[in-house]
Amino acid sequence: MGQRIITVQHTVLADRLTLMRDRATPHGIFRQAVYEASAIMAVEVARDLPALEVEIETPLEPTRGQRIRDEVAVVPVLRAGLGMVEGFLRLLPDARVGHLGIQRDHTDHEPIDYFERLPPGLGETRVYVLDPMLATGGSAVRALHHLKRAGARQLQLVCLVAAPEGLRALEAEHPDVVIWTAAIDRELDENAYIRPGLGDAGDRVFGTL
Ligand code: PRP
Ligand code: URA
């Protein structure tokens with residue numbers, strides 16, 4: 001079976017993605033667009049979370065309902081992934097949050113680890129790895145490797161823009177991981193930037209251009 005790659009189709013998501021792609025969009029509006037796009041992604045990715053049947057009382061009578069059954073964690077890849085956390089926590093406020101600091105080397109584009117702090121109990125947790133950009137795939141491959149080593153077994157990667165090269169890298173290294181994206185772009189350029197892309201996501205989220 002091939003890798004599951006799901007491109008989320010939603011007019012509001014497409015609207016926010018276009019704002020993000022526009023070079024004229026200032027960092028405050030870019031950050032807000034990442035937040036809103038991530039909330040839409042969170043609705044989609046959480047659709048199949050297992051539910052627990054519960055009995056409750058409305059103000060009028062007893063009834064049955066459903067609550068989220070399992071532990072959920074979100075793990076942003078620093079820095080740009082931080083921009084996606086709030087949108088996920090809006091929908092999944094009980095989620096634990098892990099952090100993986102991974103930066104691409106400017107010359108060879110290889111991932112460099114600089115921080116790791118993960119929640120306990122990852123083996124029984126649905127883990128959403130958050131990173132808006134999947135370019136060469138090096139950062140995501142590394143992040144998923146760290147999470148598997150820490151015991152995570154139910155891993156999904158949530159990005160906003162993916163390059164075919166990054167999707168191929170994940171297929172080779174982590175074919176068990178479901179990938180969610182808002183768009184699959186054309187290609188990488190000679191600097192390993194996604195084209196048409198949206199530029200450097202971390203710099204645009206944090207205004208460090
Ligand atoms: C960006 C982005 C991803 C990575 C994608 O991070 O946020 O983590 O590049 O590229 P890859 O698929 O080729 O690994 P960057 O290294 O620019 O760090 P930043 O988020 O701190 O700006
Ligand atoms: N990281 C980014 O932020 N943008 C790209 O296009 C590629 C990697």
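The values are calculated or read from the model by the stated rules, or taken from the named source; none is laboratory data. This structure is a prediction, so every number in the text was calculated from the model and none was measured. A quick note on method: Cβ atoms are made from the backbone with ideal geometry, for glycine too, and the neighbour counts reach across all protein chains shown.
The table below gives the values:
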item	result
Members of the range 76-86 that are surrounded by fewer than 22 Cβ atoms within 10 Å (Cβ to Cβ) and not in a loop (DSSP other than H, G, I, E, B)	Leu78, Leu82, Val85, Glu86
Some residue of the range 57-75 being among the basic types (Lys, Arg) and in contact with a helix residue (DSSP H, G or I) (Cβ under 9 Å, 6 or more places away or on another chain)	no
Subset of the range 1-47 (residues that are hydroxyl-bearing (Ser, Thr, Tyr) and outside any helix (DSSP H, G or I))	Thr7, Thr25
Conditions (1) buried (at least 22 other Cβ atoms within 10 Å of the Cβ); (2) without any contact (Cβ under 8 Å) to a residue 60 or more places away in the chain; (3) away from ligand 1 (no atom under 15 Å from the Cβ); (4) of a type in the set (D, E, K, R): number failed by Asp94	(1)
The listed residue being among the acidic types (Asp, Glu), more than 10 Å from ligand 1 (Cβ to nearest atom) and more than 25 Å from Arg117 (Cα to Cα), out of Asp176, Asp189	Asp189
Tally, over the range 111-137, of residues that are touching a residue at least 40 places away in the same chain (Cβ under 8 Å) and out of contact with any helix residue (DSSP H, G or I) (no Cβ under 8 Å at 6 or more places or on another chain)	5
Test for Glu110: is it within 16 Å of ligand 2 (Cβ to nearest atom) and at pLDDT 95 or above	yes
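This table checks each residue for (1) part of a strand (DSSP E or B); (2) within 19 Å of Gly98 (Cα to Cα).
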position: Arg126; (1), (2): yes, yes
position: Arg142; (1), (2): no, yes
position: Lys148; (1), (2): no, yes
position: Gln156; (1), (2): yes, yes
position: Arg168; (1), (2): no, no
position: Ala192; (1), (2): no, no
position: Gly202; (1), (2): no, yes
